[in-house]
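Written out below as structure tokens is the structure these notes cover.
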Amino acid sequence: MACERALVLLSGGMDSTVCAAVAARDGYEVWTLSFDYGQRHRAELEAARAVADVYGIPPVRRRTLDLSRVFCGSALTGDAEVPLDRDTAEMAAGIPATYVPARNLVFLALATAVAEPLDAHHLFIGVNALDYSGYPDCRPEFVTAFEAAARLGTAAGVAIHTPLAHLTKAGIVQLGQAIGAPLHLTLTCYRGTVPACGRCDACQLRRKGFAEAGLADPIPYAADGPPAER
Ligand SMILES: [Zn+2]
């Protein structure tokens, strides 16, 4: 019997890359879906391509949708400054400027529309409730509610897989390392710079995750970034 198809939302960041690695490990035929929504860190899309190459995913199984006219009003789309040098208490204090309104709702809805005609009944998304406490569309309740809506709104429904949902960033690093996810290819920095800035929330959470996991982060950081631990 042919293996089941999974559609992985692959941004080229660390979390979605570990998700792709989990789907591959679990024996799914992996398809990928990436979104160009005008994000500053569009270099992520190059990273997504490099990750897909690692898993031997042929071009026919890779989709990229242009949403650059959909999203606005976020620091990630260049409409405000990316916050820098915030400590964890500041990050946890509210919805950050890097929140893209309803992004995961839109992403999952589009992914469902892409998946159904492909007979891909499994969607993998790297949402993570612990380290991203400020993003309402990363909450497990949201994912559960979406799955119910998709079941009612499509012929086949989709199962939503969130293998990182209850992991800390350190746990994601450890999982990725254990299953050979190509973390060296991933791009995390909200500013999209190479080397990474080391100062935005995403860089800081990533560095903290590697430090807590006791592993060296394989990507380069700008020399003027702060130390990994605050
Ligand atoms: Zn950064």
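The values are calculated or read from the model by the stated rules, or taken from the named source; none is laboratory data. In this text, all values refer to a predicted model and were calculated from it rather than measured experimentally. Cβ atoms come from the backbone with ideal geometry, glycine included; neighbour counts cover every protein chain shown. Side chains are part of the model used for accessible areas, which takes the heavy atoms of the whole protein and leaves out ligands, DNA and RNA. Shrake-Rupley method; radii C 1.70, N 1.55, O 1.52, S 1.80 Å.
Amide H to amide H distances under 5 Å link E29 with E4, R5, A6, where only residues 5 or more positions off or on other chains count and H is placed in the peptide plane.
Please name which of G192, F142, P182 has its Cα lying farthest along the dipole of segment 98-214 towards the positive end, using unit charges on Cβ (Lys, Arg +1; Asp, Glu -1) and the Cα centre as origin. Farthest towards the positive pole: G192.
Close amide-amide hydrogen proximity is noted between S34 and L10, R63, T64, L65, each under 5 Å apart and 5 or more residues distant or on a separate chain (H modeled in the peptide plane; Pro and chain starts excluded). A simple rule links phi to the HN-Hα coupling: the Karplus curve 6.51 cos²θ - 1.76 cosθ + 1.60 with θ = phi - 60°, which for segment 146-154 gives 5, 4, 5, 5, 5, 5, 7, x, 10 Hz, with x for Gly and Pro. At 1.4 Å probe size, with the rest of the protein present, what percent of the exposed accessible area of segment 5-213 is carbon and sulfur atoms? With neighbouring chains kept in place, the figure for segment 5-213 is 54 percent.
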